[in-house]
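Single-structure report; data block below.
The values are calculated or read from the model by the stated rules, or taken from the named source; none is laboratory data. All figures in this text were calculated on a predicted structure; none of them were measured in a lab. Positions of Cβ are generated from backbone atoms using ideal geometry, with glycine treated the same way; all protein chains shown enter the neighbour counts. Note: accessible area is taken over every heavy atom of the protein model, side chains too, but ligands, DNA and RNA are not part of it. Shrake-Rupley method; radii C 1.70, N 1.55, O 1.52, S 1.80 Å.
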Amino acid sequence: MDNTKSVETSDIVQFEKLYKKYYKKALNYAFQYIRDIETSKGIVQESFINLWKKRKYINHYNNTEYYILTIVRNLSLNYLRDKARKTKRIGEVVNIDDNINIIALSYTNTDNTSYIEIQHIIRDTIENLPPKIKDTFLLSRDKKLTNKEIAEKENISIKTIEYRISKALIKLKLNLADYLSAIFVIIFLG
């Protein structure tokens, strides 16, 4: 019985060390995709719970950081996919950043380089759009207004709105061709 208690105590001590060592990094990793601190904290807590449950199968000397960040990545991806499904189900447009984050999380293994590059390209492309196209695109994607609502707000035709959004999407598609090619078209035009 004493041997069992020492193993449990050892597990707890080891777990606390891992928690203290990787919590902030895991939280930062989740937050860069989720953009909500409370949800990110929940994902990180759930990740550490999963780590605790599988502690007997993990070699603590064999890249625990990679393991915990992989759990965070997978839980973040699941959260964003669920959020996107719920948003589509109620007939709203999925936030552009959520779509980008889903793609980034789907195609990286805790490597943030592609995600950061994609975010940078998208932000630069949108910033460099002609003002009217940029404004229309942001009203559509960020403010989630319908084409009809934008047309009424701007006092222009729906065809003009469609044209502007189309121009913005074409520019984004061209600038992101190396990263997303077909996936981008499916998500933003689908």
Criterion first (at pLDDT 90 or above, surrounded by fewer than 16 Cβ atoms within 10 Å (Cβ to Cβ) and not acidic (D, E)) does K5 satisfy it? no
Does I103 fit the bill of being modelled with pLDDT under 85, assigned to a helix (DSSP H, G or I) and among the hydrophobic types (A, V, I, L, M, F, W, C)? yes
Checked the stretch 41-63 for anything at pLDDT below 80 and in contact with a helix residue (DSSP H, G or I) (Cβ under 8 Å, 6 or more places away or on another chain); matches are R55, I58, H60
Within the stretch 35-57, residues being open to solvent by 60 Å² or more (accessible area, probe 1.4 Å) and among the hydroxyl-bearing types (S, T, Y) number 1
When you look at E127, is it charged (D, E, K, R) and either at pLDDT below 80 or in contact with an Asp or Glu (Cβ under 6 Å, 6 or more places away or on another chain) (or both), yes or no?
no
Checked I156, I165, I161, I150 against criteria (in a loop (DSSP other than H, G, I, E, B), at pLDDT 90 or above and not basic (K, R)); the one match is I156
Those residues of the stretch 123-140 that are open to solvent by 30 Å² or more (accessible area, probe 1.4 Å) and assigned to a helix (DSSP H, G or I) come to a total of 8
Checklist entry - So is L80 under 12 Å from the mean Cα position of the chain (by Cα) and modelled with pLDDT of 90 or more or not? => result no
Subset of the stretch 141-172, residues open to solvent by 90 Å² or more (accessible area, probe 1.4 Å) and in contact with a Ser or Thr (Cβ under 8 Å, 6 or more places away or on another chain), comes to K171
